[in-house]
Amino acid sequence: MMVWISLMLVGTGFFLIWFWAKLVKNPRTVLPLRKEGSFIQEKNIVVKDSCIREFSILFSAGSSKLEKEAMDLLRAEWEPKIISQIGYIQLFGSADVSGHLAKNRRLVKERVRNVNKYLLSLGISNDKINQTFLEPIYGKSPELRRLLRSVKIQYKIET
């Protein structure tokens, strides 16, 4: 049985060498893709330049209320001329794990939904906004826990 397998492998190798040698002796030319004389008009498509930006809206511990500073930041970030150029907006809600897990999950959803509502009130269409609710994360320091109580906003401007 082993002899037959060895003969088949050696025979396959000789066949491949013979086939390769024939190809080298008779190189084939590349076939043209279009016939000469037939011209297809090509369209130049301008690809829009895009810029991805991001920033975070911070919340107080145990709160999902948008504060005045956050609303001012959102209003300043999205002027009417920029709103028309927005390709997409991604909202990432997060929280720290201090406290009850179910309450923190609820806070994440409420924070994202409150930011979403405010963006809709600014005139941004709902189909451009995507929401992601992250699981609460452990923050090792008070500063990190403060930063985790946020909604990160990532958006793409197409010009």
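Modelling each spin label as a point 7 Å along the Cα-to-Cβ direction, I'd like the residue 125/residue 90 distance in nm, to one decimal.
2.1
Could you list, in their original order, any pairs among 81/128; 103/128; 65/103 whose Cα atoms are separated by more than 21 Å? List each step's numbers first, then the result.
Details: 81/128 16 Å; 103/128 28 Å; 65/103 15 Å.
Pairs exceeding 21 Å: 103/128.
Please work out how much length the chain gains when fully extended from residue 8 to residue 61, using 0.36 nm per residue of separation minus the C-alpha to C-alpha distance, in nm with one decimal. Please report the intermediate quantities before stating the final value.
Working: separation 53, 0.36 × 53 = 19.08 nm, distance 7.32 nm.
Contour length minus Cα-Cα distance gives 11.8 nm.
Can you give me the orientation-averaged projected area of the convex hull built on the Cα atoms of the range 50-158, in nm²?
In nm², the orientation-averaged hull projection of the range 50-158 is 6.5.
Mind giving me the nanometre distance, one decimal, between the label points for residue 137 and residue 68, set 7 Å out from Cα along Cα→Cβ?
3.1
Using r as the Cβ-Cβ distance of residue 51 and residue 117, and R0 as 22 Å, what FRET efficiency do you calculate, to the nearest 0.05? Don't jump to the answer; show the numbers that get you there.
Working: r = 25 Å, r/R0 = 1.16.
So the FRET efficiency works out to roughly 0.30.
Considering only DSSP beta bridges where both residues belong to the range 50-158, give the percentage that are antiparallel (nearest 5). List each step's numbers first, then the result.
Numbers: 17 of 23 bridges.
So the antiparallel bridges amount to about 75 percent of the total.
Can you sort 72, 96 from fewest to most other Cβ atoms within 10 Å of each residue's own Cβ? Spell out each step's value before the answer.
Working: 72 10, 96 20.
The most exposed by this proxy come first: 72, 96.
What ³J(HN,Hα) values, in whole Hz, does the Karplus curve 6.51 cos²θ - 1.76 cosθ + 1.60 give for the range 54-67 when θ = phi - 60°, with x put for Gly and Pro?
After applying 6.51 cos²θ - 1.76 cosθ + 1.60, I find 8, 7, 10, 9, 8, 10, 6, 4, x, 10, 10, 7, 6, 8 Hz.
Taking amide hydrogens as modeled 1.01 Å from N in the peptide plane, which residues meet the under 5 Å criterion relative to residue 90, leaving out close sequence neighbours?
Under 5 Å from the amide H of residue 90: 130, 154, 155.
All of the numbers you see were taken from the coordinates with simple rules; none came from a lab. These numbers were taken from a predicted model, which means no experiment stands behind them. Every residue, glycine among them, receives a Cβ derived from its backbone with ideal geometry; neighbour counts consider all protein chains shown.
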